[in-house]
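Just below is one structure, and these are the notes that go with it.
The values are calculated or read from the model by the stated rules, or taken from the named source; none is laboratory data. For clarity, every value in this text was computed on a predicted model and none was experimentally measured. A quick note on method: Cβ atoms are made from the backbone with ideal geometry, for glycine too, and the neighbour counts reach across all protein chains shown. For the accessible areas, the whole protein counts, side chains as well, though only heavy atoms, and no ligand, DNA or RNA atoms are used. Shrake-Rupley method; radii C 1.70, N 1.55, O 1.52, S 1.80 Å.
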Amino acid sequence: MKIVGLESLVFGVDDVNGASRFLVDYGLAPVAVSDRGGRFEAIDGTAVVIAQQDDPALPPAPVPGCRLRKTVMGVADEATLGAIAAELRRDREVRRLPDGAIESIDDSGFVIGFQLTARRPFVLPGELSNAPGGVVFRPINSLGVPPPGSVIRPRSLSHVVYFVPDVMKAEAFYVNRLGFRCTDRFTGTGPFLQPGGSLDHHTHFLIGAPPHMHGVEHFTFHFGGPSEMITNGYRFVEKGYQAFWGPGRHILGSNWFWYFNSPFGCHIEMDADMDQHDASWQPREATASADNSQAFLLKMRSKWYPGPGIPENGDYA
Amino acid sequence: MATTREVGPPGWARLCRSDEIGEAQSRGFDPDHEGQDSLFIVRWQGDLHGWRNACPHIDGAPMAWRRDAYLNAEGTRIVCHAHGAEFMPDTGLCVQGPCRGERLSRIALAVVDGELFVKS
Ligand code: FES
């Protein structure tokens with residue numbers, strides 16, 4: 001099945017204006033936004049869509065308190081859309097929406113949608129490093145650090161992480177019914193899953209959790225590289241947003257990460273430079289301790305040299 | 001140079017004027033200059049309540065989604081914006097979410113001449 005990845009995530013929120021500001025400060029572009037909600041797009045058109053939590057047009061949440069109302073995946077062609085509809089109709093209702101997309105529900109109760117992907121192709125250089133001995137370098141006189149005031153925008157919706165009460169059942173649904181592949185696994189926690197039309201290490205990560213945790217741990221967009229991601233995260237913190245974990249770099253998937261609290265009742269991440277794998281990749285298995293999920297964590301120091309504003313004994317002792 | 005610790009009763013640190021926190025409002029503070037707010041205050045039905053900015057679900061997890069944003073939009077619940085746990089503003093009891101039945105840690109407060117102090 002040629003599912004190419006996430007297309008949009010739909011949330012019901014109690015404070016549309018606050019959530020809108022949050023998403024714009026994160027870097028997404030507002031499209032047709034009002035006091036009742038709207039769409040916030042990355043460069044390729046993948047998006048977060050928000051609405052008032054009591055909006056009757058919203059699909060139901062899997063459990064009370066979960067603000068994610070729908071996960072929409074993009075597919076490459078009509079044949080895939082038809083194949084998914086036929087597969088899911090074997091044991092559940094599949095609704096055809098007026099725009100041709102389909103909607104159903106996964107085995108954990110999350111509403112899922114599928115549509116022909118509307119991702120907009122774009123060409124923008126990714127981050128290159130001037131590694132001695134390398135073969136690809138940044139052009140001469142081009143700078144590695146995003147200049148002050150530069151606009152940093154997320155490029156594409158990356159992945160979503162569900163807390164599911166029965167992780168084996170949840171995995172079986174995505175693997176057996178929708179053609180996802182497990183790329184790596186945290187023992188006793190759950191699998192990283194890659195859909196058939198993507199090379200990304202994962203677009204879904206499933207975490208087995210008690211029923212009262214059922215919901216979403218986080219979601220994230222890809223940025224153009226670690227420098228963009230960290231610069232954007234730092235600007236986000238300076239605007240008053242609350243960091244939870246990071247910046248750092250994961251081991252499984254290699255993606256740079258920075259997690260923040262959000263008005264969506266889950267974390268939101270900024271990520272960059274995730275590994276890509278094809279069918280020849282052999283899944284790894286690791287324990288999900290902190291040591292296995294972060295290669296390193298960074299800490300910012302605002303002042304590091306003697307000078308005005310530094311205590312007499314220095315700030316770096 | 002005077003620090004906040006040198007003002008007010010010994011062993012208490014001044015946070016702000018108590019009337020700066022209105023009904024159903026919240027505000028975070030970092031009296032120990034840790035670089036992140038370690039506690040927050042909410043005013044709920046007239047009274048001020050102080051809580052450690054540490055969710056019982058993952059001990060120590062910071063709770064606001066934005067500086068000072070600890071409450072839901074209606075101002076009726078404290079929310080941990082990590083995984084959505086909801087707490088009563090006056091008792092700190094988690095009434096919905098992953099740590100239902102657990103409580104926030106209360107911080108002792110004192111108001112002297114309209115100034116709000118926290119036990120340090
Ligand atoms: S850390 Fe607070 S709800 Fe999970």
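Looking only at residues of the stretch B:45-64 that are open to solvent by less than 30 Å² (accessible area, probe 1.4 Å) and hydrophobic (A, V, I, L, M, F, W, C), we find that the one that is farthest from the other protein chains (Cβ to nearest Cβ) is B:TRP51.
For the stretch B:102-113, check the following and say yes or no: at least one residue is over 15 Å from the mean Cα position of the chain (by Cα) and at the interface with chain A (Cβ under 9 Å from one of its Cβ atoms). Among the residues of the stretch B:102-113, not one is over 15 Å from the mean Cα position of the chain (by Cα) and at the interface with chain A (Cβ under 9 Å from one of its Cβ atoms), which makes the answer no.
Among the residues making up the stretch A:88-117, those that are open to solvent by 30 Å² or more (accessible area, probe 1.4 Å) and of a type in the set (D, E, K, R) are A:ARG89, A:ARG90, A:ASP91, A:ARG92, A:GLU93, A:ARG95, A:ARG96, A:ASP99, A:ASP107. Could you say whether any residue in the stretch B:67-75 is away from the ligand (no atom under 13 Å from the Cβ), over 13 Å from the mean Cα position of the chain (by Cα) and in a strand (DSSP E or B)? No. Among what's in the stretch B:85-108 and is of a type in the set (A, V, I, L, M, F, W, C) and more than 12 Å from the ligand (Cβ to nearest atom), pick the residue that is surrounded by the most Cβ atoms within 10 Å (Cβ to Cβ). Filtering the stretch B:85-108 for residues that are of a type in the set (A, V, I, L, M, F, W, C) and more than 12 Å from the ligand (Cβ to nearest atom), the one surrounded by the most Cβ atoms within 10 Å (Cβ to Cβ) comes out as B:ILE107. Residues in the stretch A:1-18 that are within 18 Å of A:LEU88 (Cβ to Cβ) and of a type outside the set (A, V, I, L, M, F, W, C) were compared, and the one that is most open to solvent (accessible area, probe 1.4 Å) is A:LYS2. Has the stretch A:185-207 got any residue that is surrounded by fewer than 19 Cβ atoms within 10 Å (Cβ to Cβ), within 14 Å of chain B (Cβ to nearest Cβ) and more than 22 Å from A:VAL49 (Cβ to Cβ)? The answer is yes; a qualifying residue exists. Here the condition is being part of a loop (DSSP other than H, G, I, E, B) and either in contact (Cβ under 8 Å) with a residue 12 or more places away in the chain or among the acidic types (Asp, Glu) (or both); of A:VAL63, A:VAL72, it holds for A:VAL63 alone.
Within the stretch A:86-101, residues that are of a type in the set (Ser, Thr, Tyr) have Cβ atoms under 9 Å from residues that are modelled with pLDDT of 95 or more and open to solvent by 100 Å² or more (accessible area, probe 1.4 Å) in no pair, counting only partners at least 6 apart in sequence or on another chain. For the stretch A:18-37, check the following and say yes or no: at least one residue is within 14 Å of chain B (Cβ to nearest Cβ) and in a strand (DSSP E or B). Yes: one or more hits. What are the residues in the stretch A:232-261 that are within 14 Å of chain B (Cβ to nearest Cβ), small (Gly, Ala, Ser) and under 17 Å from A:ARG153 (Cα atoms), if any? None - no residue of the stretch A:232-261 is within 14 Å of chain B (Cβ to nearest Cβ), small (Gly, Ala, Ser) and under 17 Å from A:ARG153 (Cα atoms), so the list stays empty.
Of the residues making up the stretch B:86-101, those that are assigned to a strand (DSSP E or B) and more than 10 Å from every other protein chain (Cβ to nearest Cβ) are B:PHE87, B:LEU93, B:CYS94, B:VAL95.
Out of B:ALA69, B:ALA82, B:ALA13, which single residue is small (Gly, Ala, Ser), open to solvent by less than 40 Å² (accessible area, probe 1.4 Å), in contact (Cβ under 8 Å) with a residue 24 or more places away in the chain and touching a Cys at 6+ places or on another chain (Cβ under 8 Å)? Just one listed residue meets the conditions, B:ALA82. If the condition is being crowded, with 19+ Cβ neighbours inside 10 Å and either within 15 Å of A:GLU217 (Cα to Cα) or touching a helix residue (DSSP H, G or I) at 6+ places or on another chain (Cβ under 9 Å) (or both), then the stretch A:156-169 contributes A:SER158, A:HIS159, A:VAL160, A:VAL161, A:TYR162, A:PHE163, A:VAL164, A:VAL167.
Just to check your reading of the model, which residue among B:GLY50, B:GLY22 is part of a loop (DSSP other than H, G, I, E, B) and small (Gly, Ala, Ser)? Result: B:GLY22 is the single residue among B:GLY50, B:GLY22 that is part of a loop (DSSP other than H, G, I, E, B) and small (Gly, Ala, Ser).
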